[in-house]
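Right, one structure below, let's go through it.
The values are calculated or read from the model by the stated rules, or taken from the named source; none is laboratory data. The structure presented is a predicted model; accordingly, all values stated were derived computationally and were not measured. When we count neighbours, we look across all protein chains shown, and the Cβ atoms used for this are built from the backbone with ideal geometry, even at glycine.
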Amino acid sequence: GEDVEQSLFLSVREGDSSVINCTYTDSSSTYLYWYKQEPGAGLQLLTYIFSNMDMKQDQRLTVLLNKKDKHLSLRIADTQTGDSAIYFCAETELNTGFQKLVFGTGTRLLVSP
Amino acid sequence: GAVVSQHPSWVICKSGTSVKIECRSLDFQATTMFWYRQFPKQSLMLMATSNEGSKATYEQGVEKDKFLINHASLTLSTLTVTSAHPEDSSFYICSATRTEAFFGQGTRLTVV
């Protein structure tokens, strides 16, 4: 089955850039997503990228996709303490109507002042 | 954007009782909703796909009789944890998809 992996933990100082990495195994993935989860809350979609794209930028967020290596990253510029949360990458496929999401293990981002 | 509301946000129940969790799409119709389970400090595990007007599709290893799913209308899916035990304690999250997946705020279930 599909497998999506992330590093478990990242700690940065306020104002620095954060880079959260994700690898996946399913070559048929078409949409790849980044979600943010704050403590005790649901998931908030941050951004997504279609698998025929290499990069997508949205304000402080930059998503890079290396389809050959099946590697996805999320860069947060000028990281703030409010960015502290768990970040999940997720992938979905055409054959599920782009509806069934497979989540990564999650990366806990801690931003210190 | 679209809103998915989940209720209750948290619930404590005694072992052996049943608990119902509701997932509503507030401003759009969702023929398909998804139920996930999240253990502490772990990722989300898809439990089942809830289909309006038909039976839910369960992932491998998820007990159908334990986790009853009903999707009676285009805006409401319910998950009932039957005869709950402490090992069922977890964070349950639903999602509904329109152009993207929208998630409920989650329900923290504690079985004592």
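Residues in region B:61-86 that are among the small types (G, A, S) and either buried (at least 19 other Cβ atoms within 10 Å of the Cβ) or in a strand (DSSP E or B) (or both): 4 in all. None of A:T92, A:T30, A:T23, A:T79 is in a strand (DSSP E or B), away from chain B (no Cβ under 12 Å) and buried (at least 17 other Cβ atoms within 10 Å of the Cβ) except A:T23. Is there a residue being away from chain B (no Cβ under 14 Å), part of a strand (DSSP E or B), of a type in the set (V, I, T) and at negative phi anywhere in region A:36-53? Looking for residues that are away from chain B (no Cβ under 14 Å), part of a strand (DSSP E or B), of a type in the set (V, I, T) and at negative phi, one finds none in region A:36-53, hence no.
If I filter region B:50-59 for residues that are crowded, with 23+ Cβ neighbours inside 10 Å and more than 21 Å from A:W34 (Cα to Cα), do I get at least one hit? Checked region B:50-59: at least one residue is crowded, with 23+ Cβ neighbours inside 10 Å and more than 21 Å from A:W34 (Cα to Cα).
Pick from region B:8-20 the residues that are at pLDDT 95 or above and either in a strand (DSSP E or B) or touching a helix residue (DSSP H, G or I) at 6+ places or on another chain (Cβ under 6 Å) (or both): which of them is nearest to A:A41 (Cα to Cα)? So, considering only residues that are at pLDDT 95 or above and either in a strand (DSSP E or B) or touching a helix residue (DSSP H, G or I) at 6+ places or on another chain (Cβ under 6 Å) (or both), the one nearest to A:A41 (Cα to Cα) is B:V11. In region B:24-44, what count of residues is obtained for those that are of a type in the set (A, V, I, L, M, F, W, C) and in a strand (DSSP E or B)? Qualifying residue count, region B:24-44: 4. Quick one: B:T57 ticks every box in (1) among the polar types (S, T, N, Q); (2) free of Cβ contacts under 8 Å to residues at least 60 places away in the same chain; (3) within 11 Å of chain A (Cβ to nearest Cβ); (4) under 19 Å from B:P8 (Cα atoms) except a single one, so which number is it? If we test B:T57 against (1) among the polar types (S, T, N, Q); (2) free of Cβ contacts under 8 Å to residues at least 60 places away in the same chain; (3) within 11 Å of chain A (Cβ to nearest Cβ); (4) under 19 Å from B:P8 (Cα atoms), just (4) comes out false. In a residue-by-residue description of region A:4-13, the property of being in contact with a Gly (Cβ under 6 Å, 6 or more places away or on another chain), buried (at least 17 other Cβ atoms within 10 Å of the Cβ) and at pLDDT below 90 applies to at least one position.
Yes/no matrix, rows are residues, columns are (1) within 10 Å of B:A96 (Cβ to Cβ); (2) more than 8 Å from every other protein chain (Cβ to nearest Cβ):
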| residue | (1), (2) |
| --- | --- |
| B:C13 | no, yes |
| B:G16 | no, yes |
| B:C23 | yes, yes |
| B:Q29 | yes, yes |
| B:F34 | yes, no |
| B:Q38 | no, yes |
| B:L44 | no, no |
| B:S50 | yes, yes |
